[in-house]
Amino acid sequence: MTDAVEFESVGFVYPDGTRALAEVSLRVPAGQRLAIIGQNGSGKSTLVRQLNGLLQPTEGRVLVEGRDTRGRHVAELAATVGLAFQNPDRQIFAGRVRREVEFGPRNLGLRGRALDDAATRALDAAGMADQAESNPYDLGYSRRKLLAIASILAMGTPIVVLDEPTTGQDAAGVERVRRIVADLAAAGRTVLAVSHDMRFVADSFDRAVVLRAGRIVLDGTPDEGFAEASWPVLASTFLEPPVAARVGARMGMGSTPTVAALVEAMKARGSAGPI
Amino acid sequence: MIAVTEAGFAFLVRGWTGPLVVLALVLATALVAGVSRRMLPFVLATLPLVLSIMLINTFLFPGAHDPIGTIGPFTATWTGLLAALQATLRVVAFALSVAVFALTTDTDDLLTDLEQRGLGRRAEFVIGAAVRTVPRMIERAGEIVDAQRARGLDTQGGPIRRVRGVLPLAGPMISSSLGEVEERTMALEARAFTAPTRRTAIRHLPDSLGQRVVRWGSFAAVVLVVAATFGGWLSLP
Amino acid sequence: MALVLSGVSYRYAGTQKPVLHGIDLRVERGEVVGVAGASDAGKSTLCLVAAGLAPGTVGGTLAGSVEIDSEATTSLKPFELAQRCGMLFQNSVTQLSGTSRSVWEEIAFGPRNLGLPLAEVVERVEAGLAALRIEALASRDPLRVSGGQAQLVALASVLALRPAYLVLDEPTSQLDPEGTQLVGDALAGLAGTAGTGILIVEHKTDLLARLTQRMLVLDDGRVALAGATEAVLADPTLRALGVEPPSLVTIGREAATAGIHLDPADLAMALAPRRA
């Protein structure tokens, strides 16, 4: 089966000579939930911009559903890869929430009933059905952020990329994003997310890739990535494993990246044991 | 200062000798200031204007009757071509003078100088912020274009498509700028921007005798050339 | 000596519905008080009101009183307020003046506005750089440093006006873990050594747990919970109020549901650096 995304030793150097990516090789099977983590400036944003052709690799190849992105228009790739940027205010322009959500699918050629349905489904997923007629600028930051995500979901792309989806969100917003990721995966769609939020990564993703200075320094499941053996690598790029992983390691429970995994391990042992 | 004078000359003088002399002066100044290499972009920027000057003058010079050749309904004339070349020289000389000014004058020095000459802190802030935020505005515009292209906005294609594409780009640009202005105003108030005292100066610019001579000399030269032009005494070949 | 809000209600100009209702809040010098709440609960408005920017700069209608060391904020001019209570916004970029070519000059912006003698401007800038340990950034372009560093520059710029109180509106929300750590350390140091009174709005409850002794949770413009940070963060209604409890609280609770009882102090120990 073809991978949703494949990076073949991709390098990227900006026109001013700054190297942002070096020898990045990555295969993302269809339906996987992949988190990309790393500091600001580690190359995460550059990496996700290669997925829909906003940037073309200066070395190596990027394949999306088996096809090279080279020479393909962003507008064409947008039918396959939906990318929600970190800052919703760089995107939102419509006077009504529903119009904003319809923009993407309309560009992809949806009209009439199909367009209505796509927008309604996306608004439901973001929990914004009752705000469809609101002005986006009357909404708080958390809601605007969800709106920006909804307007990508509405495009129905098989691959969805979310840049820092939980940043600046309150508890309800984070919970909503978790649900969106789970629903996308359940529908067989591939989800890539850039995030600093270790708890969100551990809870919602199958796999985590850590970037440092444009290179992949860690690649594995949350169990592997947040196991004690990986901590030095995480620390080298100022990342702290989730609290549950730290508590589990201290208790000698092995790798417990999520609260649920930690509590399971405690139950299996029958007690909390020494700390 | 010399650059500003040269720009003034370039704008005023006509005929052949004038623009050529100015051009030579500009190039000499640029060489002395060591900025000649970085002037190419400014020359390129005048290219569209130069092209239109060449085409319009060569083909559409009013009342010229010395044809070179004809393309369709348009006839090129020698008078037109010569006028076009003269105009081009002036444009290039003017552009290069501006380039020398931009490349040799530090905005901070300019602002410090204006401030010491009594420019208010508001005016200073507006000029300073305008100059310094240009690169950030360009960056932001890039992000907005990227965000909409990622949603399938086709920025290639015919004029109607492009016009339709403007709203999704202009909207976020305007609304995020407005939002920022509000927050920026509060942030400035929170940093005592509206205090009634005179701001503390932190730098003093050197102003030598030589610099003063050049400045007043240049100013006098501009006045002379302006007077000569309007008095009709300046009729170079 | 404290920043005191008594029975404060506030509504923005041109709107009917108040954003804040009957808020009572007290921040002593040297104390860090936390504020949490859902996205539209009125946290940012509370910041503006506490710092005197609303109604001062923003307009709107205030009921009740906001006093800084017994002076009503409404009786102070903006530049006088700036020297009593500093305000730091979420976005570090909008609060930089945008006119300075170096971090040094950016920090000097406020003191220069006050027309202080040059020697004192220099002294304040150097002190600000040292307090946040950003001396190395002095000659850098303030628009070309990392997000965390920019927030520290913005903080140093506010501190250069020597306010006794600071109001911070989600100062780490746009920052990566390294930036969050930098700002968190800086704030802890300020309250401890400089005796600054700090009011901080944060979504990151782990950071609130570390920095504050007291906190309150806003819900629809009203104080829903208030008290010792530990008690507030362990409150069972926290999540319903739009605030994600710290991981340790969730762990203790989930374990208890599974019939395993953990001592919170032991749990906290698990996060302390391991002794060699």
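The values are calculated or read from the model by the stated rules, or taken from the named source; none is laboratory data. As the structure is a prediction and not an experimental result, all values here were calculated from the model. Quick reminder, even Gly has a Cβ in these numbers, built from the backbone with ideal geometry, and neighbours come from all protein chains shown.
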Next item on the list: Filter the range A:110-129 for residues that are assigned to a helix (DSSP H, G or I), within 21 Å of the chain's Cα centre (by Cα) and surrounded by fewer than 19 Cβ atoms within 10 Å (Cβ to Cβ) and give the result.
Entry: A:R121, A:D124
Notebook entry, point to check: What is the one condition in (1) crowded, with 19+ Cβ neighbours inside 10 Å; (2) without any contact (Cβ under 8 Å) to a residue 40 or more places away in the chain; (3) at negative phi that C:Y10 does not satisfy?
Noted result: (2)
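Yes/no matrix, rows are residues, columns are (1) part of a loop (DSSP other than H, G, I, E, B); (2) hydroxyl-bearing (S, T, Y); (3) within 23 Å of C:V32 (Cβ to Cβ):
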{"residue": "C:R210", "(1), (2), (3)": "no, no, yes"}
{"residue": "C:A226", "(1), (2), (3)": "no, no, yes"}
{"residue": "C:V232", "(1), (2), (3)": "no, no, yes"}
{"residue": "C:V243", "(1), (2), (3)": "yes, no, yes"}
{"residue": "C:G252", "(1), (2), (3)": "no, no, no"}
{"residue": "C:H261", "(1), (2), (3)": "yes, no, no"}
{"residue": "C:L267", "(1), (2), (3)": "no, no, yes"}
Note to self: Within the range C:89-102, does at least one residue satisfy the condition of being in contact with a helix residue (DSSP H, G or I) (Cβ under 9 Å, 6 or more places away or on another chain) and either surrounded by fewer than 17 Cβ atoms within 10 Å (Cβ to Cβ) or at pLDDT 95 or above (or both)?
What the structure shows: yes
Checklist line | Sole exception among (1) within 30 Å of B:R203 (Cα to Cα); (2) at pLDDT 70 or above; (3) of a type in the set (F, W, Y) for B:F101, by number | finding: (2)
Check: Can you pull out the residues in the range A:25-61 that are among the hydroxyl-bearing types (S, T, Y) and crowded, with 22+ Cβ neighbours inside 10 Å?
Finding: A:S42, A:T46
Next item on the list: Give the range C:49-69 a look and list any residue that's among the hydrophobic types (A, V, I, L, M, F, W, C) and part of a loop (DSSP other than H, G, I, E, B), or say none.
Entry: C:A51, C:V58
Note to self: Residue under question is C:Q174, and the condition is that it be part of a loop (DSSP other than H, G, I, E, B) and either within 12 Å of chain A (Cβ to nearest Cβ) or surrounded by fewer than 20 Cβ atoms within 10 Å (Cβ to Cβ) (or both); does it hold?
What the structure shows: yes
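Residue-wise test of (1) polar (S, T, N, Q); (2) out of contact with any Gly (no Cβ under 6 Å at 6 or more places or on another chain); (3) within 23 Å of C:A240 (Cβ to Cβ); (4) in contact (Cβ under 8 Å) with a residue 24 or more places away in the chain.
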| position | (1), (2), (3), (4) |
| --- | --- |
| A:P105 | no, yes, no, yes |
| A:G112 | no, yes, no, no |
| A:D116 | no, yes, no, no |
| A:A126 | no, yes, yes, yes |
| A:P158 | no, yes, no, yes |
| A:D163 | no, yes, no, yes |
| A:G168 | no, yes, yes, yes |
| A:I180 | no, yes, yes, yes |
| A:M198 | no, yes, no, yes |
Check: Limited to the range C:81-110, what total is found for residues that are part of a helix (DSSP H, G or I), touching a residue at least 40 places away in the same chain (Cβ under 8 Å) and facing another protein chain (nearest Cβ under 7 Å)?
Finding: 5
Margin query: If I filter the range C:38-57 down to residues being crowded, with 21+ Cβ neighbours inside 10 Å and under 14 Å from the mean Cα position of the chain (by Cα), which single residue comes out as nearest to C:A231 (Cα to Cα)?
Written below: C:K43
Note to self: I'd like to check something: does the range C:140-155 contain any residue that is among the hydroxyl-bearing types (S, T, Y) and in contact with a helix residue (DSSP H, G or I) (Cβ under 6 Å, 6 or more places away or on another chain)?
What the structure shows: no
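Okay, residues lined up against (1) closer than 23 Å to C:D176 by Cβ; (2) out of contact with any Lys or Arg (no Cβ under 8 Å at 6 or more places or on another chain):
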residue: C:T99; (1), (2): no, no
residue: C:P117; (1), (2): no, yes
residue: C:V121; (1), (2): no, no
residue: C:I134; (1), (2): yes, yes
residue: C:L152; (1), (2): yes, yes
Notebook entry, point to check: Which fully enclosed strands (runs of 3 or more DSSP E) of the range A:161-259 have 1 or more residues being crowded, with 21+ Cβ neighbours inside 10 Å?
Noted result: A:190-194, A:207-212
Checklist line | Residues of the range C:70-80 that turn out to be part of a helix (DSSP H, G or I) and facing chain B (nearest Cβ under 9 Å), as a count | finding: 3
Note to self: Among the residues that make up the range C:247-263, is at least one of them crowded, with 20+ Cβ neighbours inside 10 Å, under 23 Å from C:I200 (Cβ atoms) and either at pLDDT 95 or above or in contact with a strand residue (DSSP E or B) (Cβ under 7 Å, 6 or more places away or on another chain) (or both)?
What the structure shows: no
Next item on the list: Identify all residues within the range A:151-160 that are in a helix (DSSP H, G or I) and more than 8 Å from every other protein chain (Cβ to nearest Cβ); write none if there are none.
Entry: A:L153
Next item on the list: Report, by residue number, each residue of the range C:124-146 that is in contact with a Leu (Cβ under 6 Å, 6 or more places away or on another chain) and buried (at least 22 other Cβ atoms within 10 Å of the Cβ).
Entry: C:G128, C:L132, C:P142
Check: Scanning the range C:2-21 for residues that are β-branched (V, I, T) and part of a strand (DSSP E or B), which turns out farthest from C:A164 (Cα to Cα)?
Finding: C:V8
Next item on the list: Only one of these is touching a Pro at 6+ places or on another chain (Cβ under 7 Å), of a type in the set (D, E), more than 10 Å from every other protein chain (Cβ to nearest Cβ) and more than 30 Å from A:S151 (Cβ to Cβ): A:D219, A:D223. Name it.
Entry: A:D223
Next item on the list: Give the residue, chosen from C:G197, C:G179, that is crowded, with 19+ Cβ neighbours inside 10 Å, under 11 Å from the mean Cα position of the chain (by Cα) and farther than 24 Å from C:R11 by Cα.
Entry: C:G197
Next item on the list: Determine whether C:T229 is touching a Gly at 6+ places or on another chain (Cβ under 8 Å) and farther than 30 Å from A:T258 by Cβ.
Entry: no
Notebook entry, point to check: Pairs, please: C-beta under 7 Å, at least 6 apart or cross-chain, first residue facing chain A (nearest Cβ under 7 Å) and in the range C:257-270, second polar (S, T, N, Q) and exposed (fewer than 15 other Cβ atoms within 10 Å of the Cβ)?
Noted result: C:I260/A:S271
Item checked: Conditions (1) touching a residue at least 40 places away in the same chain (Cβ under 8 Å); (2) under 15 Å from C:E106 (Cβ atoms); (3) touching a Ser or Thr at 6+ places or on another chain (Cβ under 6 Å); (4) not hydroxyl-bearing (S, T, Y); number of the one not met by C:V158 -> (3)
Next item on the list: For residues that are over 23 Å from A:S42 (Cβ atoms) and touching a helix residue (DSSP H, G or I) at 6+ places or on another chain (Cβ under 6 Å), scanning just the range C:119-139, find the one that is modelled with the lowest pLDDT.
Entry: C:L132
